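The values are calculated or read from the model by the stated rules, or taken from the named source; none is laboratory data. As the structure is a computational prediction, the values presented were derived from the model and not from experiment. With ideal geometry, Cβ positions are generated from the backbone for all residues, glycine too; neighbour counts draw on all protein chains shown.
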Amino acid sequence: MKNNFLQHIASRINNATAPADALLFFAALLVVSMPLSPFLLSISMWGLVFVAFWRLAADKRQATGGNIQWAKGRIVWDLLLESFRHFFRQPVYAVLVLLLLVPAFSGFWSADQAYWLERTRVRLPFLVLPWAFANLPALTQRQYVLVLYLLVWTMVILCAGVGINFLLHKPEIMHAMYQGRPIPVPRHHIRFSLMLATAVIAGGWLWHKRFFWRYAWEHSALGVATVFLFAFLHFLSVRSGLMALYVALFFTLGYFVWRTRRWRLALGMLALLAVLPWVAINTLPSLKQKMEYMVYDWGRYLENEGETYSDAERWISLKTGWQIWRENPWLGAGAGDLPAETDRIVKKNYPAYEPTPKLPHNQFLYILAGTGLFGLALSLFAFLFPVVAGQHRFHYLFAVFQILVFTSFLVEYTIETSMGVAWYLFYTLWFMQLKKG
């Protein structure tokens, strides 16, 4: 019976388009589940691994004329070796593994092995996803773009739900905002805002390309959806997402001028970008409240009374991270010991903030404090190598997404959560593939 089952699985590989169809399904599932469900997000990632093996097996079957001895475990080992050959022949994928290895190696000088193991587990996709993408079947350009189209409409539906919830509970939510809390969204509000910014950029690009799935009127609907998402990001008032989006839009403006040399139009767009934040602050109560709270928070910090305010806690986290790095400049405190070292320094130097100490809210400083100059050098190499190597670096979506990423790194430890890792890795790799399609 076991052999019959394996033979049945092997026969399914005969369908040449099946791996590509499965890839499209799991990529779509990943896009939808990223802002919604950690469980489905994990399923979609491992689904991509399955598709990579499926594609390798299909290639092996074709090369051997269909004569694969599935009953023998040797074929699995051969496929695994072949997959890593593909992986290491493509350094733009392989280099991303450094972002797993850097915190993993810090286990040798981390006393808190439990937290170190958690950090390593969160970074595991930096091996799994690049390996999978190095071995996945190719899709057509239209199939790659369809996944981005799904992203836009997924975010539209989610934002509509967030808006309805806000209207149903407006007094309670506005009261919470007066205390510095965000508008409720699925999962984490900052990562959600970054996904929303990604959808705005993707929607604008799709509209510019006059893309539609089935009907021509979808092009107009896509334009409306993109404007809605842009406005909704201002309504959410998440500053990290807004800052990343505006930096990306200024980059887009520069890219537009470089490509077209249309200076007058560019000046008009620049003026519009400069005015939009002022208009948003004066028309959206949620954004106005957030800005007023930020000014008040900063005032409390300057008067040494910011221990219950989020922005003040962020500033203290940066000071704490810098102190941890100065004490451990070459190898850092160890990724596992970062919370303990943060607690120690906050207790010693900023006792008023002791009940709620925050880890450094800057990805580069987080890496410095945990793994020192050694870790930062390797991490920067991993971040930057895909940006400067390969033809994908000239693709607008890849380039502007890296702008989003690096802007978020300045104010968040973006890739220290499963949601942040998935956001950075999937879209970086997907935009790489888009150039090939």
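General remarks:
- Residue list for segment 204-248, restricted to those being in a helix (DSSP H, G or I) and of a type in the set (Phe, Trp, Tyr): TRP205, TRP207, PHE228, PHE230, PHE232, PHE235, TYR246
- Filtered by the rule that a residue be buried (at least 20 other Cβ atoms within 10 Å of the Cβ) and assigned to a helix (DSSP H, G or I), segment 404-415 gives LEU404, VAL405, THR407, SER408, PHE409, THR414, ILE415.
- The residue that is surrounded by the most Cβ atoms within 10 Å (Cβ to Cβ), among those in segment 361-373 that are at pLDDT 95 or above and not aliphatic (A, V, I, L, M), is GLY370.
- Residues in segment 226-256 that are more than 14 Å from SER193 (Cα to Cα), free of Cβ contacts under 8 Å to residues at least 60 places away in the same chain and either touching a Leu at 6+ places or on another chain (Cβ under 9 Å) or of a type in the set (Phe, Trp, Tyr) (or both): LEU249, PHE250, LEU253, PHE256.
- Of all residues in segment 171-185, one or more are free of Cβ contacts under 8 Å to residues at least 12 places away in the same chain and among the aliphatic types (A, V, I, L, M).
- Looking across LEU194, LEU127, LEU158, LEU150, one residue alone is aliphatic (A, V, I, L, M) and not assigned by TED's automatic domain parsing to the domain that holds PHE431. It is LEU127.
- In segment 166-182, the residues that are assigned to a loop (DSSP other than H, G, I, E, B), out of contact with any His (no Cβ under 6 Å at 6 or more places or on another chain) and surrounded by 11 or more Cβ atoms within 10 Å (Cβ to Cβ): HIS169, GLY180, ARG181
For every residue, the table says whether it meets (1) under 28 Å from HIS189 (Cα atoms); (2) touching a residue at least 24 places away in the same chain (Cβ under 8 Å); (3) among the hydroxyl-bearing types (Ser, Thr, Tyr).
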residue: ARG344; (1), (2), (3): no, no, no
residue: GLU354; (1), (2), (3): yes, no, no
residue: LEU359; (1), (2), (3): yes, yes, no
residue: TYR366; (1), (2), (3): yes, yes, yes
residue: GLY370; (1), (2), (3): yes, yes, no
residue: PHE398; (1), (2), (3): yes, yes, no
residue: VAL421; (1), (2), (3): yes, yes, no
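- Extreme residue, modelled with the lowest pLDDT, among residues of segment 328-355 that are farther than 20 Å from ARG119 by Cβ and surrounded by 15 or more Cβ atoms within 10 Å (Cβ to Cβ): TYR353
- Any hit, segment 426-436, residues being in the same structural domain as MET243 (by TED's automatic domain parsing), crowded, with 22+ Cβ neighbours inside 10 Å, assigned to a helix (DSSP H, G or I) and without any contact (Cβ under 8 Å) to a residue 24 or more places away in the chain: no
- Sole exception among (1) aliphatic (A, V, I, L, M); (2) over 29 Å from THR252 (Cβ atoms); (3) touching a Lys or Arg at 6+ places or on another chain (Cβ under 8 Å) for MET419, by number: (2)
- Any hit, segment 207-222, residues being in contact (Cβ under 8 Å) with a residue 60 or more places away in the chain, in the same structural domain as VAL295 (by TED's automatic domain parsing) and farther than 27 Å from VAL405 by Cβ: yes
- From LEU117, LEU40, LEU139, LEU100, residue being part of a helix (DSSP H, G or I) and in contact (Cβ under 8 Å) with a residue 60 or more places away in the chain: LEU117
- Within segment 257-288, the set of residues being at negative phi, free of Cβ contacts under 8 Å to residues at least 40 places away in the same chain and not in a helix (DSSP H, G or I) comprises ARG262 only.
- Qualifying residue in segment 211-222 (condition: under 19 Å from LEU397 (Cα atoms), at pLDDT 90 or above, surrounded by 15 or more Cβ atoms within 10 Å (Cβ to Cβ) and touching a His at 6+ places or on another chain (Cβ under 6 Å)): yes
Results for (1) under 21 Å from MET174 (Cβ atoms); (2) in the same structural domain as PHE228 (by TED's automatic domain parsing); (3) within 28 Å of the chain's Cα centre (by Cα); (4) at pLDDT 70 or above, shown as yes or no for each residue.
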position	(1), (2), (3), (4)
GLY268	no, yes, no, yes
VAL275	no, yes, no, yes
LYS288	yes, yes, yes, yes
GLU292	yes, yes, no, yes
TYR296	yes, yes, no, no
TYR301	no, yes, no, no
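- Output for segment 374-386, where each listed residue is closer than 27 Å to GLY204 by Cα and crowded, with 17+ Cβ neighbours inside 10 Å: PHE383, PRO386
- Among the residues making up segment 313-327, none is farther than 21 Å from VAL411 by Cα and modelled with pLDDT under 95.
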